[in-house]
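To start, the structure under review is shown below, and the notes come after it.
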DNA sequence: GGCGATTTGTACGTATGTATT
DNA sequence: CAATACATACGTACAAATCGC
């Protein structure tokens, strides 16, 4: 898990990371809150730019919700908790 | 015109640039195609990141259309020309 | 209400890849 | 093939927001 995106793939790194995170979300690995952006960049060995781009994709798919100064959360879990 | 965004403003630089470009578009200054991203960064004295963020805002407002490897265009003009 | 720790947001500049003409 | 232009990727620094104490 958390494999560094392959630069040889025709798929952009930010999409590879997005897919990897989406799988982990579907597998309920994070339960509620995702690790911090900085921590995820270290896990995936990618740049901050790439990681944020990936999370933006996840937001577009409505898989996560991000709150400035707080964190990024699994949307389904937030909904299940009745917080939205 | 093309003033460097003020760092003292509470408005983020990318929004200041977006507003400036929107005004120029409304004033029909570009007619059809916007200057290249690199040229605009020099005009506005901002970073590539800031300028691309600004153009992304304009795309969200449907003021412009961007085509990879070709350029960024005034959407109304493209429409008027019957190209979309 | 302020303080400090944590986290996301913005801004910077550069290099390389991909698409179009 | 060459020139031009947008897209992706990189790493860093500082600002802004949130929360618990």
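Nothing in this text is a laboratory measurement; each read-out follows from the coordinates by a stated rule. Quick caveat: nothing in here was measured; it's all calculated off a predicted structure. Note that we place each Cβ from the backbone using ideal geometry, even for glycine, and neighbour counts take in every protein chain shown.
A few notes on this one:
- Over chain A, relative contact order from alpha-carbon pairs under 8 Å, at least 6 apart, %: 32 percent
- Note on chain A: GNM, Cα springs under 10 Å; of A:57, A:74, A:11, the largest mean-square fluctuation is that of A:11.
- Comparing A:69, A:45, A:60 in a Gaussian network model of chain A (Cα springs below 10 Å), the most mobile by mean-square fluctuation is A:69.
- Kirkwood Rh in Å, taken over chain B so that all alpha-carbon pairs contribute: 12.9 Å
- Most mobile of B:70, B:48, B:14 in a GNM of chain B (Cα contacts under 10 Å): B:70
- Spin-label pair residue B:80-residue A:56: with each label point 7 Å from Cα along the Cα-Cβ axis, the two points sit 3.0 nm from one another.
- Distance between modelled label sites at residue B:67 and residue A:68, nm, 7 Å Cα→Cβ extension: 3.6 nm
- Label-reachable residues, segment B:69-84, where backbone N falls under 12 Å from a point 7 Å from residue B:30's Cα toward its Cβ: B:71-78
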